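Colleague: Have a look at this one.
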4 protein chains.
Amino acid sequence: MLEGLRPVFQTTGPVVIYPASGSGAWEAAIVNTFSPGDRVLMFETGHFSNLWCDIAQRHGLLVEYVPGNWRRGVSPAEVEQRLAQDTNHTFKAVMVVHNETSTGVTSRVAEVRRSMDRVRHPALLMVDTISSLASMDYRHDEWGVDVTVAGSQKGLMLPPGLSFNAISEKALAATKTAKLPRYYWDWQEMLKPNRAGFFPYTPATNLIWGLRESLLMLHEEGLSNVFRRHDRHAEAARAAVHAWGLEVVCEDPREYSSSLTAVFMPEGHDADRLREFILDNFDMSLGTGLAKLAGKVFRIGHLGHFNDLMLAGTLSGVEMGLRLAGIPHQPGGVTAALNSLVARRQGSSVNSVAEGVLS
Amino acid sequence: MLEGLRPVFQTTGPVVIYPASGSGAWEAAIVNTFSPGDRVLMFETGHFSNLWCDIAQRHGLLVEYVPGNWRRGVSPAEVEQRLAQDTNHTFKAVMVVHNETSTGVTSRVAEVRRSMDRVRHPALLMVDTISSLASMDYRHDEWGVDVTVAGSQKGLMLPPGLSFNAISEKALAATKTAKLPRYYWDWQEMLKPNRAGFFPYTPATNLIWGLRESLLMLHEEGLSNVFRRHDRHAEAARAAVHAWGLEVVCEDPREYSSSLTAVFMPEGHDADRLREFILDNFDMSLGTGLAKLAGKVFRIGHLGHFNDLMLAGTLSGVEMGLRLAGIPHQPGGVTAALNSLVARRQGSSVNSVAEGVLS
Amino acid sequence: MLEGLRPVFQTTGPVVIYPASGSGAWEAAIVNTFSPGDRVLMFETGHFSNLWCDIAQRHGLLVEYVPGNWRRGVSPAEVEQRLAQDTNHTFKAVMVVHNETSTGVTSRVAEVRRSMDRVRHPALLMVDTISSLASMDYRHDEWGVDVTVAGSQKGLMLPPGLSFNAISEKALAATKTAKLPRYYWDWQEMLKPNRAGFFPYTPATNLIWGLRESLLMLHEEGLSNVFRRHDRHAEAARAAVHAWGLEVVCEDPREYSSSLTAVFMPEGHDADRLREFILDNFDMSLGTGLAKLAGKVFRIGHLGHFNDLMLAGTLSGVEMGLRLAGIPHQPGGVTAALNSLVARRQGSSVNSVAEGVLS
Amino acid sequence: MLEGLRPVFQTTGPVVIYPASGSGAWEAAIVNTFSPGDRVLMFETGHFSNLWCDIAQRHGLLVEYVPGNWRRGVSPAEVEQRLAQDTNHTFKAVMVVHNETSTGVTSRVAEVRRSMDRVRHPALLMVDTISSLASMDYRHDEWGVDVTVAGSQKGLMLPPGLSFNAISEKALAATKTAKLPRYYWDWQEMLKPNRAGFFPYTPATNLIWGLRESLLMLHEEGLSNVFRRHDRHAEAARAAVHAWGLEVVCEDPREYSSSLTAVFMPEGHDADRLREFILDNFDMSLGTGLAKLAGKVFRIGHLGHFNDLMLAGTLSGVEMGLRLAGIPHQPGGVTAALNSLVARRQGSSVNSVAEGVLS
């Protein structure tokens, strides 16, 4: 399983499996590499960057937290500028949420890496991929990521209860000087027995059996096809939103998420009332607006085990909900989405052969 | 379980459970009530009436088989006329398929009963409800049905492997003179141990556990709500078909099925090519045209465990398939279906309290 | 699946799968091959031969039913004598229960065949293997059996709901003149679609998926190892019974069953009281005495998915039950069984390589 | 669920659920209550006390680790003496493993509490019940425990992946001054959302559904009956071990575990060879000797979902394994165990009414 996970992270290095949910893997990234008082550079991209920042601070890190409007990802230019000024290399890490689950905005990790390289800053690059891994293209090695944080319950299509760290050589080396106390999350404690085919403590066996099936499914479809499928669904979802005359939270098309689409409600209308309406009538639960987006935003998930017709059903539920709840909008969202899906299929050779990143 | 099944058939009489698929329950209805040479009146409504007729003939019955165009149900007037002429009461039974799975056409069983009553004909009334029971309103007692034939894998939402006979007093009495050999299907052999809480031979235990869950689900929703749900889906499916400019097989609105909708392809286009196209592209398998409708018809199922958004996804798959396969049609089917679903919900009080035939 | 079943029956001919329990496959053997008034030769070996005889009679067969004491299998000598006298070949079939589930007595089918051959009698040989197939050695082709009847819920380790007929050329030929009415059980109706990869009516799909797993398990262990395992368990069970000073129902060691062991209670003690006692105290349900053995016999099953330690637990439950219920017996049954199991393992090379009838 | 767990811990205070295995709940107990440099008193009872000690040290605690011979539990007298000498109350906690899974030795927690009370020492009492909870009597409130550590995969009969802390008022108060960094394990972060019906991060939902079933099963049997059942099995297992002439690891009958029994091999015989032998022949996996007991000890588990006949099967496997592997021993272990089980049942009224701690 440990071998089979590597292609999913697009890495040849080690991946560790924790019996824990994603928040544990966030904490693991921190306690293995830092000492209290270390400085790190983080960016406010939404609710989940806030939480990760909070964890860092609780562990005594000094977080330079660049504010954001929750509609944009990390600015590679900003990374470059901040690091350029840090001539003493006080920043130990740049920590980025790849796909902000609260906003449907991604950060361009490859560009962040290039910014870091241009100023030759030695900080570690840590990336949270909890809601992107195995749904969107993500390249741990090629993008020079040092620690990737992931979980079981999104792109890996499992129940929650497993989380992951993919670890670079450089991150492993950082453990030697990292003084934060650790046992459960300790990479060295995990990697030693892993090499011999064991876990240092009782693993979540049932979920690991499930993981075996997930990896087989991803392998069968081919990772590049999986990514293309989610791209197609995201594009169609946005087509629907635009047709309704509503606004997508994400401001920059380069940063659209293929895992989920967050949508602003028209001024004066409560997103949670709409969500409840749709749940009651159509037995479908949309994502709620989190923290400062509460009531203002609803979120449409299209990640993991998902296909064109599930998306069509989902958008139909939203469109009927908007009508029944009397929310001002234009009709035709579902039609726009179907047009988008058809156009994509007409453009590509139907049933194209999987390119098989995994194979 | 035997008790719990009765409200589903809307009967207070006995229901027997066979470890068999629906064809077995067809055979059971015959071998328990007839002797070789008995005359019965049947109507060609489609592929399944053909099969039942074939079984009757193989058991030595003389079937008066009234031809039909596969677009209409049993004509109550025809029943009345044929029975009126049968002054010697040579017909031992009238045998009707309630919902023709091959055509999406229902027969008006209550009216058939009234026809029989008007001419005071003593024939038994036997009805196949394999694809209607627990999806469409069906009343064994009120409609004076003598033998109802049903199966597990449609409205009861189970895997195939169980089938049923609901039996009237009059049908039970007929067993005394019925000379067809029988053991496995023998009602008397089944009812005796049933009364004591046993089966006469090994029952299909796992499916019976599943049946317990099905009955709980139907009870929880309330049978009348279940029927209304399928009516709503059928209406919306027809709205889509009409918007596409295609033709529904069923000619008479009084005979529309709420379990499935069969649709004619435009002249010169092969239904199975479309079906294969949709399966390949959208992982959705539509019903094929059976026997003389092969290639000419595809069938959309909306029975059993099904909701509004599953229907929306289903119709979206058909609409996109029609476009991708280049089948001549008008756009807007899905939109028409959503309009229909919304109109129904606006007309009724949202979240109406279950009336609870089962409760 | 149809291919995979053949090695289990040790046949190269066709096997049909019914969505039905074993009683259905009994009926199928009859309706496919006989006409009302046909004579058949059967032997009273216990409750299940009685039932099969009853089915035959209900279908109008004239059964020559040779009485028995329920402690012996079919006498090959008796077969030979009866058939020798039947110079006009009025017997259309000899029908034998291979393993009498009610008594734990087997019939020596190979010797029955030899008896038939010696007198050159053309009768069909039909064998019920419901509780022996895939637990005990059974050779449809080599033993010249014409129809083998089997079910899913014993040696095939599945829930009940599937049953089987393996069919010889000669039996198939008999269908041409067999006048009993049939549809559900009709071999010809089944074999035609089977050859094309279909079933003539809805199959019990979930059980067929289960069957795939069963066949894989049998293949993995190797059929000859499966048989040896059950032989070992049966021998150990008898060792326990003898040590307790109780009597096994089966009188002739050549006819011991490897699927189950039926045991007489000491005079004046009720088997069902003991069974209830064991169920209440140890949550283990022994087989009851059937029909004329009611109260006099309990039955220990050791077929299907079963291993040495499950047997040890089972016999421990019986031994503790005998003591707690105050049934006169000698101690040491479990010890004797363990001795028997150990002796068998010491005699054979431990972990012997599977010989792989299936492979 | 949070409510339903309390009776299992025999507490009226809060219980928190972590998506983590038991080692995580060990770490949680530490990081919530301590600051680096805090002194704690621990006792070497076996492999698991060693591990917990290691975790404490990795978090900067100064552990006074009282050595032990791995055959005895914590000495209440030793606790009393050590604490009496600690007049400045430098020990912040006494940390005890209730049931040493590596040795089958329990510690008498109630007596440890009394020792602490006699010298009026304010240290917290922390207890690991990973392999005892819900199999052996354990009283968080009555015994004055401050933090109880538990896991899902033993007495709660679930897969691994959930772990628990039950927390006293005093332990909660200690969080205010505890300086160890924490987020994932933070009780305050967990309890606040718990009170509102939420979790602070994604819970391991599937396991929580499983927990609902476990609690229903424990409730149905009654906790006191569960404990009596395991006591009975442990007594019978020891009877077998003694009959074989082997030695139980636990030296003091007051400290026998009812969850498992660890057994010394005769001098010069390798426990792991025996274990492998039994696994190969009987498909049963005994527990291995851990750390310094490797090769010297095998362990028989009789906890969680387990009954008399499973124990009989288990001991039969051991006895046959000893014989086949040529390990010197006396026969008669299984017989002794059955005698013990029968004696217990004869002593108690059979089918005694559950006293129902849970009800």
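Colleague: In this structure, is B:R275 under 23 Å from B:M157 (Cβ atoms) and basic (K, R)?
Modeller: No; evaluated as a whole, the condition is false for this residue.
Colleague: What tally of residues in the stretch B:253-286 results from selecting those that are free of Cβ contacts under 8 Å to residues at least 60 places away in the same chain and of a type in the set (G, A, S)?
Modeller: 3
Colleague: Of the numbered conditions (1) outside any loop (DSSP other than H, G, I, E, B); (2) more than 26 Å from D:S132 (Cα to Cα), D:A312 fails exactly one; give the number of that condition.
Modeller: With (1) outside any loop (DSSP other than H, G, I, E, B); (2) more than 26 Å from D:S132 (Cα to Cα) applied to D:A312, the lone miss is (2).
Colleague: Run B:R195 past the list (1) surrounded by 24 or more Cβ atoms within 10 Å (Cβ to Cβ); (2) basic (K, R); (3) closer than 20 Å to C:A291 by Cβ and report the number of the one that doesn't hold.
Modeller: Of the numbered conditions (1) surrounded by 24 or more Cβ atoms within 10 Å (Cβ to Cβ); (2) basic (K, R); (3) closer than 20 Å to C:A291 by Cβ, the odd one out for B:R195 is (1).
Colleague: With (1) farther than 21 Å from D:S107 by Cβ; (2) surrounded by fewer than 19 Cβ atoms within 10 Å (Cβ to Cβ) as the list, and D:R254 as the residue in question, which single condition is left unmet?
Modeller: Every listed condition holds for D:R254 apart from (1).
Colleague: Among the residues of the stretch C:136-160, which ones are more than 16 Å from C:V15 (Cα to Cα), within 14 Å of chain B (Cβ to nearest Cβ) and not hydrophobic (A, V, I, L, M, F, W, C)?
Modeller: C:Q153, C:K154, C:P159, C:P160
Colleague: Filter the stretch B:273-301 for residues that are within 13 Å of chain A (Cβ to nearest Cβ) and either of a type in the set (F, W, Y) or farther than 23 Å from A:V342 by Cβ (or both) and give the result.
Modeller: Those that are within 13 Å of chain A (Cβ to nearest Cβ) and either of a type in the set (F, W, Y) or farther than 23 Å from A:V342 by Cβ (or both): B:F277, B:F282.
Colleague: Could you list all residues from the stretch C:303-330 that are over 25 Å from the mean Cα position of the chain (by Cα), touching a residue at least 60 places away in the same chain (Cβ under 8 Å) and surrounded by fewer than 18 Cβ atoms within 10 Å (Cβ to Cβ)?
Modeller: Within the stretch C:303-330, C:P328, C:Q330 meet the criteria.
Colleague: Next question. Considering every residue within the stretch D:195-207, establish whether at least one is more than 9 Å from chain A (Cβ to nearest Cβ), of a type in the set (S, T, Y) and farther than 28 Å from D:L260 by Cβ.
Modeller: Looking through the stretch D:195-207, none of the residues is more than 9 Å from chain A (Cβ to nearest Cβ), of a type in the set (S, T, Y) and farther than 28 Å from D:L260 by Cβ.
Colleague: Moving to a separate point now. More than 9 Å from every other protein chain (Cβ to nearest Cβ), of a type in the set (S, T, N, Q) and either surrounded by fewer than 24 Cβ atoms within 10 Å (Cβ to Cβ) or out of contact with any helix residue (DSSP H, G or I) (no Cβ under 6 Å at 6 or more places or on another chain) (or both): is that true of D:T33 in this structure?
Modeller: no
Colleague: Out of everything in the stretch D:7-30 that is among the aliphatic types (A, V, I, L, M) and closer than 17 Å to A:P203 by Cβ, what residue ends up being farthest from the other protein chains (Cβ to nearest Cβ)?
Modeller: Only one residue tops the list, namely D:A25.
Colleague: Could I ask something else about it? Between C:P160, C:P122, C:P76, which is surrounded by fewer than 19 Cβ atoms within 10 Å (Cβ to Cβ) and either farther than 21 Å from C:E44 by Cβ or at pLDDT 95 or above (or both)?
Modeller: The conditions single out C:P122.
Colleague: Would you call A:A354 touching a Gly at 6+ places or on another chain (Cβ under 6 Å) and modelled with pLDDT of 95 or more?
Modeller: Here the answer is no, as A:A354 does not meet what is asked.
Colleague: Next question. Out of (1) more than 21 Å from C:T175 (Cα to Cα); (2) among the aromatic types (F, W, Y); (3) not in a helix (DSSP H, G or I), the odd one out for C:Y18 is which?
Modeller: Condition not satisfied by C:Y18: (1).
Colleague: Can you go through B:S163, B:S131 and tell me which one is within 30 Å of A:N281 (Cβ to Cβ), outside any helix (DSSP H, G or I) and within 14 Å of chain C (Cβ to nearest Cβ)?
Modeller: Criteria check complete, one pass: B:S131.
Colleague: Give me a count of the residues in the stretch A:134-144 that are free of Cβ contacts under 8 Å to residues at least 60 places away in the same chain and either assigned to a helix (DSSP H, G or I) or surrounded by 24 or more Cβ atoms within 10 Å (Cβ to Cβ) (or both).
Modeller: 0
Colleague: Do we find that A:T177 is surrounded by fewer than 17 Cβ atoms within 10 Å (Cβ to Cβ), within 14 Å of chain D (Cβ to nearest Cβ) and at pLDDT 95 or above in this structure?
Modeller: no
Colleague: Could you figure out which of (1) without any contact (Cβ under 8 Å) to a residue 24 or more places away in the chain; (2) closer than 20 Å to D:P122 by Cβ; (3) within 13 Å of chain A (Cβ to nearest Cβ); (4) among the charged types (D, E, K, R) isn't true of D:E189?
Modeller: Result: D:E189 fails condition (2) only.
Colleague: Go through the stretch C:323-345 and give me each residue that's closer than 19 Å to D:S316 by Cα and more than 7 Å from chain D (Cβ to nearest Cβ).
Modeller: C:P331, C:G332, C:G333, C:A336, C:A337, C:N339, C:S340, C:A343, C:R344
The values are calculated or read from the model by the stated rules, or taken from the named source; none is laboratory data. Since we're looking at a predicted model, the values are computed, not measured. Glycine also receives a Cβ, built like all others from the backbone with ideal geometry; neighbour counts cover every protein chain displayed.
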